[in-house]
Structures are given as structure tokens and as C-alpha cells.
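A.B. asks: This is the structure, below, for whatever I ask next.
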Amino acid sequence: MIAEIERDMVALLATALPELKVEPFPDKPETYRLTHPHGAVLIGYSGSRMPDPFVLAGTEQRRRLEYQLVVKVRSLRDHTGAYAVLETIRTALSGQAIRGARFYPAREQFEDVSNGVWTYLAVYAADVPWVSQAQFPDDVAAALAAAKLTVMGGLDGDAPITVEK
């Protein structure tokens, strides 16, 4: 899923930014050199964040996918400058569903200016469900299969609720 989202994001932004090079983040970023006359947008998965599980035995969680977009351009204010590129990216990705994940901007920030190249970082995120394929531990499976289950704190707040097979 990670690589497919990245590939779809590259295709989407290549269409939205035809005057720039849009490509996946290189395997060796330390050797990357900007050769395009206007600039480039490099896209890569930067990680996931997962809060505590919200289902018994930790089998279901929300997963926040995050993708970094590194914008490297040769100006700030013209039609291929950093400001316009960041606005175009925000318009193209915000609310866009890619492989079932609806993306939103998480942050943008200036990173560097060197040798006439302005570098900005934009992070886009999407919250998706994640369900573990793990089996329930034996004690949990046994409790779920029990013939009688009583839960305290019923509808009136004090009375127990009992469910029997």
C-alpha cells in the first residue's frame, strides 16, 4: 500500500505541476542533484503514527500515514516558485482520496536555501483503519466463547447486563 500510494501521488502531482520534475524520493538522497531548470518535488513515505488500540486485545487501530514532499525550486515568487508550488500541491492533495486514504496537509516549512535553490518540506497525512491479523490470546478467546458474559454498568448505570448463549 505504501509504494502504491507514493506512485499515485507522484502521478497526481506530475499532472498538477507539469513544469517541474515530480518523482519518488531517491534511494540515495545524499547524491541527489537538482538538474531540472525550474525545480523538483520529491515524494516519500515518512512513517506512520498509531494511537493505542481501541478494541479488546488490541486488534483495531487508526493508522496515520505520512508522506514527505520535498520541494526544490529556483525561485520563491514566480509561477514555478516555492509559494506557487506549495499552493498547487495543497490544492491537488487536500481531501484527495488515494487508494482509499483521504489526504490532508499536516505541515509545511522552509528548510534551506543554497546555491539559488529554495527547499521546502510539506507533509501530507491520511488516517486509515488498521486491523491486526493476529489471533486472540487463548484467555481472550475463551472469554469471548463463554456461555455467559456479565458487564457491569448497564443502561441505568448500576445494573449489570448479562448475555447468555
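A.B. asks: Within the stretch 4-18, track down each residue that is within 16 Å of VAL70 (Cα to Cα) and part of a loop (DSSP other than H, G, I, E, B).
C.D. replies: Result: LEU17, single match.
A.B. asks: Could you check the stretch 60-102 and list, in sequence order, the residues that are part of a loop (DSSP other than H, G, I, E, B) and either among the polar types (S, T, N, Q) or out of contact with any Ser or Thr (no Cβ under 7 Å at 6 or more places or on another chain) (or both)?
C.D. replies: ARG74, SER75, LEU76, ARG77, ASP78, HIS79, THR80, SER94, GLY95, GLN96, ARG99, GLY100
A.B. asks: Could you list all residues from the stretch 26-50 that are surrounded by 17 or more Cβ atoms within 10 Å (Cβ to Cβ) and either in contact (Cβ under 8 Å) with a residue 40 or more places away in the chain or of a type in the set (D, E, K, R) (or both)?
C.D. replies: LEU34, HIS38, GLY39, VAL41, TYR45 - these are the residues of the stretch 26-50 that are surrounded by 17 or more Cβ atoms within 10 Å (Cβ to Cβ) and either in contact (Cβ under 8 Å) with a residue 40 or more places away in the chain or of a type in the set (D, E, K, R) (or both).
Values quoted throughout were computed directly from the atomic coordinates according to the rules given, and no laboratory measurement underlies them. Nothing here was measured: the structure is a model prediction, and the numbers come from that model. All Cβ positions, glycine included, derive from the backbone under ideal geometry; neighbour counts span all protein chains shown.
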